[in-house]
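Participant: Below you'll find the structure I mean.
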Amino acid sequence: MFGDMMGMMNKLKEAQKKVEETKERLNTVLLDQSSNDNKLSVTITANRTIKSLRIDDELLEDKEMLEDYLILTLNKAIEKASKVNEAELAAVAKEGMPNIPGMDMFK
């Protein structure tokens, strides 16, 4: 039984290391999101860090419109990045979890 516990502990440590490595890798996964008319575009990492922003000159003439574009496009980009982030981390966590009876959390 003690050997099983040590094996599970080692497997959990290994899973934790893989999760941390995945988080680091997600810093390099770039996602692009544009407004419907391409007047604003953003590049964001899967860890939800904005890397670049492109704004059409037309939007610079109307502060209110620019704010609306920023809110809509940034929210879409964050949502897309969150989905990628969660899917990647869930896959790594599921792969690394030891088989503990009654702990089928990732079905």
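The values are calculated or read from the model by the stated rules, or taken from the named source; none is laboratory data. Quick caveat: nothing in here was measured; it's all calculated off a predicted structure. FYI the Cβ positions are ideal-geometry reconstructions off the backbone, even for glycines, and counts take in every protein chain you see.
Okay, residues lined up against (1) more than 12 Å from the chain's Cα centre (by Cα); (2) farther than 30 Å from GLU95 by Cα:
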position: LYS17; (1), (2): yes, no
position: ASP32; (1), (2): yes, no
position: THR43; (1), (2): yes, no
position: ALA46; (1), (2): no, no
position: ASP56; (1), (2): yes, yes
position: ASP62; (1), (2): yes, yes
position: TYR69; (1), (2): yes, yes
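Participant: Then there is this: If I ask for residues that are β-branched (Val, Ile, Thr) and out of contact with any Asp or Glu (no Cβ under 6 Å at 6 or more places or on another chain), which ones from region 25-56 would you list?
Facilitator: Step one: filter region 25-56 for residues β-branched (Val, Ile, Thr), giving 28-29, 42-45, 49-50, 55.
Within region 25-56, THR28, VAL29, VAL42, ILE44, THR45, THR49, ILE50, ILE55 meet the criteria.
Participant: Can you name every residue in region 1-55 that is exposed (fewer than 11 other Cβ atoms within 10 Å of the Cβ), hydrophobic (A, V, I, L, M, F, W, C) and in a helix (DSSP H, G or I)?
Facilitator: Correct list: PHE2, MET5, MET6.
Participant: THR73 fails exactly one of the following numbered conditions: (1) without any contact (Cβ under 8 Å) to a residue 24 or more places away in the chain; (2) surrounded by 11 or more Cβ atoms within 10 Å (Cβ to Cβ); (3) not basic (Lys, Arg). What is the number of that condition?
Facilitator: Tallying (1) without any contact (Cβ under 8 Å) to a residue 24 or more places away in the chain; (2) surrounded by 11 or more Cβ atoms within 10 Å (Cβ to Cβ); (3) not basic (Lys, Arg), THR73 fails exactly one: (1).
Participant: Only one residue in LYS39, LYS83 is modelled with pLDDT of 95 or more and out of contact with any helix residue (DSSP H, G or I) (no Cβ under 8 Å at 6 or more places or on another chain), so which one is that?
Facilitator: Working: LYS39 fails: out of contact with any helix residue (DSSP H, G or I) (no Cβ under 8 Å at 6 or more places or on another chain).
Exactly one of LYS39, LYS83 is modelled with pLDDT of 95 or more and out of contact with any helix residue (DSSP H, G or I) (no Cβ under 8 Å at 6 or more places or on another chain), namely LYS83.
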